[in-house]
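Down below is the structure, laid out as structure tokens.
The values are calculated or read from the model by the stated rules, or taken from the named source; none is laboratory data. Note that this is a predicted model, so its numbers are computed, not measured. Ideal geometry is used to build each Cβ from the backbone, glycine not excepted, and the neighbour counts take in all protein chains shown. Only protein heavy atoms, including side chains, enter the accessible area calculation; ligands, DNA and RNA are left aside. Shrake-Rupley method; radii C 1.70, N 1.55, O 1.52, S 1.80 Å.
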Amino acid sequence: MTATTTLAPVKWEEDRLLLLDQTLLPTQTLYLDLTKIEEVWAAIRHLQVRGAPAIGMAAAYGLYLGIREIEATDFDAFWAQVEEKASYLATSRPTAVNLFWAIDRIKGRVQLEAAKPISEIKQAVLDEAIEIQAEDERVCRTIGEYALTLLQDGMGVLTHCNPGALATAAYGTATAPFYLAKERGWDLKVFADETRPVLQGARLTAYELQQAGIDVTLICDNMAAVVMAQKKVQAVIVGTDRVAANGDVANKIGTYGVAVLAQAHGIPFYVAAPLSSIDLETPTGADIPIEERPAEEITHGLGKQVAPDNIQVYNPAFDVTPAKYITAIVTEKGIFKPEEIKDIQK
Ligand code: MRU
């Protein structure tokens, strides 16, 4: 199929979950072979699987791995354990709402099948996880189709972090138009921010786009302003971990700065967001829980000490871009202004 297939971050194989260990990319391609919910929790926490939709997919399979071990034979006892395992998995990372969305969806399926024998409920849970993954591929392709209507052949487009095939079932969200443009013979010039401190842009986006034969240029985060001033990019498109009801968007740290720069240079700033990343229960960006990660990601980037011993560090993994900087949010249901997001269910 597409070049994205070989980089599938999440694979279900018979009775086990295979996760591409993204901490080793781009130099090693190694799949973790997981059979326990605890292993999936750790893979999410340690960024071996990352990116909001991929976290959701991994969580769905991870919850199945936990559920299949439940020995209870009556539904009430079974449900109590499902809730326990779901709550546990929900502690793996706080910001990407897809994690909670996927867990809720699996719980909903369990409730729907409540009248059936436990063995059949367990099978239904696995079916649901497989469907979440299949659906994500369709969703990403549709987002790509819509996003492509905002771009033109020959354009330069900047992206931040990895909203790519490695973060989804295929295509990515914000990278989907790049893959579709390639299929159509367009010549987009993609600029990928390296994305300090964990370098998802350098290690993952630059890698997967290069593998797919897409014209991609890697820049350090602090070069985005110059690239815009030099008119090398005519649009910015990023992914998201959670869109609040007022259209504020949480995404990888550094996104907010890119949005401000884009506005200063008169460049449209688009967010690609599957409905699974839209959280109408969270009123504004200020209500989105922002993960703080270990100091070592900054003091020991890629394992080498680059800061003094015992230095104080602040390491928020995400920031919130206020709705006023966002030109449009591209979903699988169409393209919306940030202020229209609250009505999206209509
Ligand atoms: O910490 P990460 O690598 O999970 O952060 C990922 C991002 O911020 C992505 O941009 C976001 O999840 C969108 S993925 C389609």
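Every listed requirement among (1) over 20 Å from Ala259 (Cα atoms); (2) open to solvent by less than 10 Å² (accessible area, probe 1.4 Å); (3) away from the ligand (no atom under 11 Å from the Cβ) is met by Arg184 save one, (2).
Quick one: is Val125 of a type in the set (Val, Ile, Thr), touching a strand residue (DSSP E or B) at 6+ places or on another chain (Cβ under 9 Å), within 30 Å of Leu24 (Cβ to Cβ) and not in a loop (DSSP other than H, G, I, E, B)? No, not satisfied.
The test for being modelled with pLDDT under 95 and closer than 18 Å to Cys161 by Cα does not hold for Thr95. Looking at region 185-221 only, could you name the residues that are among the hydroxyl-bearing types (Ser, Thr, Tyr) and farther than 16 Å from Gln22 by Cβ? Correct list: Thr217 only.
Give the number of residues within region 22-47 that are over 20 Å from Lys85 (Cβ atoms) and either aliphatic (A, V, I, L, M) or crowded, with 18+ Cβ neighbours inside 10 Å (or both). Count: 5.
Here region 193-207 is the region considered, the condition is being away from the ligand (no atom under 12 Å from the Cβ) and part of a helix (DSSP H, G or I), and the residue that is surrounded by the most Cβ atoms within 10 Å (Cβ to Cβ) is Ala206.
If you filter region 77-95 down to residues that are of a type outside the set (A, V, I, L, M) and more than 16 Å from the ligand (Cβ to nearest atom), you find that the one that is most open to solvent (accessible area, probe 1.4 Å) is Glu84. When region 49-76 is examined, which residues are found to be open to solvent by 50 Å² or more (accessible area, probe 1.4 Å) and basic (Lys, Arg)? The one that is open to solvent by 50 Å² or more (accessible area, probe 1.4 Å) and basic (Lys, Arg): Arg68.
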